[in-house]
1. Could you list all residues from region 282-305 that are of a type in the set (A, V, I, L, M, F, W, C), part of a helix (DSSP H, G or I) and over 26 Å from residue 354 (Cα atoms)?
2. Within region 334-367, which residues are touching a residue at least 60 places away in the same chain (Cβ under 8 Å) and within 19 Å of residue 324 (Cβ to Cβ)?
3. Report yes if some residue within region 265-281 is part of a helix (DSSP H, G or I), within 19 Å of residue 106 (Cα to Cα) and not charged (D, E, K, R); otherwise report no.
4. Could you go through region 203-219 and let me know if any residue there is part of a loop (DSSP other than H, G, I, E, B), crowded, with 17+ Cβ neighbours inside 10 Å and either touching a Lys or Arg at 6+ places or on another chain (Cβ under 6 Å) or modelled with pLDDT of 95 or more (or both).
5. Check off (1) within 19 Å of the chain's Cα centre (by Cα); (2) closer than 18 Å to residue 162 by Cα; (3) not hydrophobic (A, V, I, L, M, F, W, C) for residue 50 and give me the number that stays unchecked.
6. Among the residues of region 220-261, count how many are among the β-branched types (Val, Ile, Thr), more than 18 Å from residue 282 (Cβ to Cβ) and assigned to a helix (DSSP H, G or I).
7. Would you please name the residue that is modelled with the lowest pLDDT, looking only at residues in region 137-157 that are part of a loop (DSSP other than H, G, I, E, B) and surrounded by 13 or more Cβ atoms within 10 Å (Cβ to Cβ)?
Amino acid sequence: MTDNTNIIAKLLQPVVLPNGVSLPTPLAMAPMEIISSKPDGTASQTDMDYFAYRSDVAGLLISGAASVNLVGRINRYQLGIHDDKFIPNLQKLVQAAQQDGNRFIIQLQHSGRLAQEGFEQTGELLAPSKPAAGRTGDQARAMTEEDIAQTIRDFAEATRRAIEAGASGVEIQGANHYLLHQFFSKLSNQREDKWGGSLFNRMAFALAVTKAVKNVIAELAPPDFILGYRISPEEIHGNHIGFTFDECLELINQIAEIGVDYIHLSLEEYGGKDPFSQQVKERLVSRSKLMVAAAFTAEQAAQALQHADFIALGRATLIEPNFYKKIKSGEMVKIVTSYIEDYAKLPADLINWFKQANSPLPPLPRL
């Protein structure tokens, strides 16, 4: 086979999840904030149009982070799933994203000490421990037992709403310095109770959330409902260590024992960084599938399948809304790899975010 034929064959190989769902391709759309929901978190027409236009970009589409409660919101235009009033528009969003027969799942998130919008709305900023003065989110207070119990319930209730909205699944956001990550990190969690200190205790909150979500799925969802968990492989800032990769592997092991369909490894390098991906896959064995992020091209995605089960595409799906469609129709060579405004049809606020001089986002080619 030619190189292109081999790449296409790899990207059209179905992926069967532990719950029996067969995805037609190992390509997924990575969760990305598009800052286009209504100020209260209601899915907007812009949200619906964005996902409708990308409904055939991958076999599995993951929403940007959806807030599970008001106090955990990170920005004013974040998608919300913390109230039943959001369900009607979430149903429309799901229908738009799944109109080509692919599956759409909603990422569930709490920002913890990074929840500046939640702080503005409620006057509260919650974290595992109170950050030191001068640190990000230093207005936060340590969560009480009731705060923790309520937040676990909020993840469960958000899962119920996703089910009622017709989503194909949920992904728990346990990475990227948000609340679950904060509980796991020794740098942000200095608690001396059952939620902090030892590795076992620092894993407890993430495991409690996962169990609560899993219980709701078992009770209310159809058998093909998908559960994923996103995680950062390590947190190391010079000599300051939040958690090591070995500790992350143990948390992954415990999450897999609860029963998730995939682990989503949050990586920065294209196609997954070894030895992280390979070691995670070896630890998972056949209990869960492994998704890695940060592939940009079809070639990189196919290469990453050497040590992962499927690939989350980020910027590639912003630039090329028909990524998967072109592969399955034999038009891989026509995949667009540079930003064309009229073709990409990105929300205006997202474009402005990319254009900011101090933007935290990686640039779009030729933007």
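1. 284, 302, 304
2. Scanning region 334-367 gives 345, 346.
3. no
4. No, region 203-219 contains no residue that is part of a loop (DSSP other than H, G, I, E, B), crowded, with 17+ Cβ neighbours inside 10 Å and either touching a Lys or Arg at 6+ places or on another chain (Cβ under 6 Å) or modelled with pLDDT of 95 or more (or both).
5. (2)
6. 1
7. It comes out as 137.
Yes or no, residue by residue, for (1) within 30 Å of residue 149 (Cβ to Cβ); (2) touching a helix residue (DSSP H, G or I) at 6+ places or on another chain (Cβ under 7 Å); (3) surrounded by fewer than 24 Cβ atoms within 10 Å (Cβ to Cβ):
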| site | (1), (2), (3) |
| --- | --- |
| 44 | no, no, yes |
| 70 | yes, yes, yes |
| 73 | yes, yes, no |
| 87 | yes, yes, yes |
| 97 | no, yes, no |
| 105 | yes, no, no |
| 108 | yes, yes, no |
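The values are calculated or read from the model by the stated rules, or taken from the named source; none is laboratory data. Remember, predicted model here, so these are calculated numbers, not experimental data. Please note: Cβ atoms are built from the backbone with ideal geometry, for glycine as well, and neighbour counts cover all protein chains shown.
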